[in-house]
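The values are calculated or read from the model by the stated rules, or taken from the named source; none is laboratory data. None of these values were measured; they are calculated from a predicted model. Neighbour counts run over all protein chains shown; Cβ positions are idealised from the backbone, glycine included.
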Amino acid sequence: AQSVAQPEDQVNVAEGNPLTVKCTYSVSGNPYLFWYVQYPNRGLQFLLKYITGDNLVKGSYGFEAEFNKSQTSFHLKKPSALVSDSALYFCAVRVFWGSARQLTFGSGTQLTVLP
Amino acid sequence: ETGVTQSPTHLIKTRGQQVTLRCSSQSGHNTVSWYQQALGQGPQFIFQYYREEENGRGNFPPRFSGLQFPNYSSELNVNALELDDSALYLCASSLDRATEAFFGQGTRLTVV
């Protein structure tokens, strides 16, 4: 079965410091990987995706993610965290469910950026 | 804003009742997917509609059903509501089945 794992339920980082939110995946074939962010009582906002090409993917709001095939990881990163980055982050992989192309999500990582 | 709108934003229903949730997809998007997000968990795939046809379903019972209309808006219907159906229901639209999905703000359903 295709899946993603987010090993950390909670990540705390000081404002201005770099942040990393971890994600590992298990898929057959080439992975289509995504990061989404969710603010309280809101839907999911798309941050970035990896389909093919460069291993370093740049996305919205200064976020980037590094695809590492040998380690089956797709960690989300940002060089300098902002308090406003505090939110729930989800890693997802696209799976093929019959003819549907649906997303399988990790359990989420709560990021808190401390002022 | 993603251009995907859901209604209502909040809803309280009694166990055994039926509920209909609505989703207006982003302009030009022909694919709509529905997800259930229980408290403290990641979203779980319910089903997907592509050009008015259901073309994939997750591990949800038949009392979860849906429709997609010619303008690509969609409905999620849940019959015989159970307490465990309490969750945030998310609608996502995409240009087709293979592109990234854009989510609405969700409908918070509480079953009492």
(message) Any residue in segment A:6-33 that is within 10 Å of A:Gly108 (Cα to Cα) and aliphatic (A, V, I, L, M) sitting within a Cβ distance under 8 Å of a residue that is assigned to a loop (DSSP other than H, G, I, E, B) and modelled with pLDDT of 95 or more? List the pairs, counting only those 6 or more apart or interchain.
(response) A:Val21/A:Gln6; A:Val21/A:Glu8
(message) Residues that are in contact with a helix residue (DSSP H, G or I) (Cβ under 9 Å, 6 or more places away or on another chain): list the strands (runs of 3 or more DSSP E) wholly contained in segment A:14-115 that include at least 3 such residues.
(response) A:44-50, A:109-114
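Going by the structure shown, is B:Phe60 in contact (Cβ under 8 Å) with a residue 12 or more places away in the chain, touching a Gly at 6+ places or on another chain (Cβ under 7 Å) and either within 13 Å of chain A (Cβ to nearest Cβ) or in a loop (DSSP other than H, G, I, E, B) (or both)?
Spelling it out, it is not the case that B:Phe60 is in contact (Cβ under 8 Å) with a residue 12 or more places away in the chain, touching a Gly at 6+ places or on another chain (Cβ under 7 Å) and either within 13 Å of chain A (Cβ to nearest Cβ) or in a loop (DSSP other than H, G, I, E, B) (or both).
Do the conditions hold for B:Asn71, that is, is it assigned to a loop (DSSP other than H, G, I, E, B), at pLDDT below 95 and more than 13 Å from every other protein chain (Cβ to nearest Cβ)?
Numbers: assigned to a loop (DSSP other than H, G, I, E, B): yes; at pLDDT below 95: yes; more than 13 Å from every other protein chain (Cβ to nearest Cβ): yes.
When the stated conditions are applied, B:Asn71 passes them.
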(message) Please go through (1) part of a strand (DSSP E or B); (2) hydrophobic (A, V, I, L, M, F, W, C); (3) out of contact with any helix residue (DSSP H, G or I) (no Cβ under 7 Å at 6 or more places or on another chain) for B:Leu81 and return the number of the only condition it doesn't satisfy.
(response) (1)
(message) Conditions first: (1) buried (at least 16 other Cβ atoms within 10 Å of the Cβ); (2) closer than 30 Å to A:Gln110 by Cα; (3) out of contact with any helix residue (DSSP H, G or I) (no Cβ under 7 Å at 6 or more places or on another chain). B:Val111 passes all but one, so which condition is the exception?
(response) (3)
